[in-house]
Amino acid sequence: MERILEENPEIEDYAFSINVPSFGYNRSLIFFPDRILEKGLEQAKADMSMVSPTYFETMGMRLLSGRGFANTDIGLESEPMIVDTLFVEKHFSGESPLGRKIHLGGLPSGDERWATIVGVVESARNLSLDNAEAIPFVYRIVRPRQAREYSVFIKTRTPLARVLERVGEEISGIDPNVVPFRMGTLDMYMEEA
């Protein structure tokens, strides 16, 4: 798939994600190794998506501090994570989150690895255009072959319909059992939300 996208001169940039903005995310509990949850307080939560290293640039999201993902991040001992500004405001109140450890999901056991925050991006309208339901967001890195299903985001130099038709034909030529579906513009998906 990546070869098809890279070799197409009509494609300016592309990215992969497990989720499509406004169509649901994985909500996770967040644990910090240096903070003990006091009885009666609500556990910290964030929505999470797994994205490719090119996701933020393709989606027009600015990296505000730290660094973005790199292909060399896959399989590192400490998984890198990128958080949004809402996450920083809610959980770090003015402190830099860079280099801090977090764990997503259930309470970590002693042998589970902690992830390291390596970057901060501007908050996006992931749930709706008015962002009224905004909650903190965490991004993890993914490669398409790690996921059974994923979304592809394409920034084009030419009309999208022509590019989608060509990409669909090339994918079918490689594997006729793989059928791209729900192809359209991001604006179309956001209007459906």
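The values are calculated or read from the model by the stated rules, or taken from the named source; none is laboratory data. The structure displayed is predicted, hence computed values, not measured ones. Using ideal geometry, Cβ is built from the backbone for each residue, glycine included, and neighbour counts are taken over all protein chains shown. The accessibility values were calculated without ligands, DNA or RNA, using every heavy atom of the protein model including side chains. Shrake-Rupley method; radii C 1.70, N 1.55, O 1.52, S 1.80 Å.
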Task: Test set (1) farther than 20 Å from T58 by Cβ; (2) modelled with pLDDT under 75 - Y150 fails condition number - done: (1)
- [ ] Select from the range 58-93 the residues that are assigned to a loop (DSSP other than H, G, I, E, B) and in contact with a helix residue (DSSP H, G or I) (Cβ under 9 Å, 6 or more places away or on another chain) and write down the one among them that is farthest from R157 (Cα to Cα).
- [x] E79
Task: Lone unmet requirement of (1) within 17 Å of F153 (Cβ to Cβ); (2) in a strand (DSSP E or B); (3) modelled with pLDDT under 70 for M50 - done: (3)
Open item on the list: Out of the residues in the range 153-183 meeting the condition of being of a type in the set (A, V, I, L, M, F, W, C) and assigned to a loop (DSSP other than H, G, I, E, B), tell me which one is modelled with the highest pLDDT.
Closed with: V178
- [ ] Could you check, for the range 18-29, whether at least one of its residues is under 24 Å from R67 (Cβ atoms), open to solvent by 70 Å² or more (accessible area, probe 1.4 Å), at pLDDT 75 or above and outside any strand (DSSP E or B)?
- [x] no
Open item on the list: Pull out all pairs, ordered by first then second residue, where Cβ-Cβ is under 9 Å, the residues are six or more apart or on different chains, the first lies in the range 53-80 and is in contact (Cβ under 8 Å) with a residue 40 or more places away in the chain and under 12 Å from I117 (Cα atoms), and the second is open to solvent by 50 Å² or more (accessible area, probe 1.4 Å) and among the basic types (K, R).
Closed with: F69/R140; E79/R113; E79/R140; P80/R67; P80/R140
- [ ] Would you check if there is a residue in the range 59-74 being modelled with pLDDT of 85 or more, over 30 Å from P176 (Cβ atoms), open to solvent by 50 Å² or more (accessible area, probe 1.4 Å) and among the polar types (S, T, N, Q)?
- [x] yes
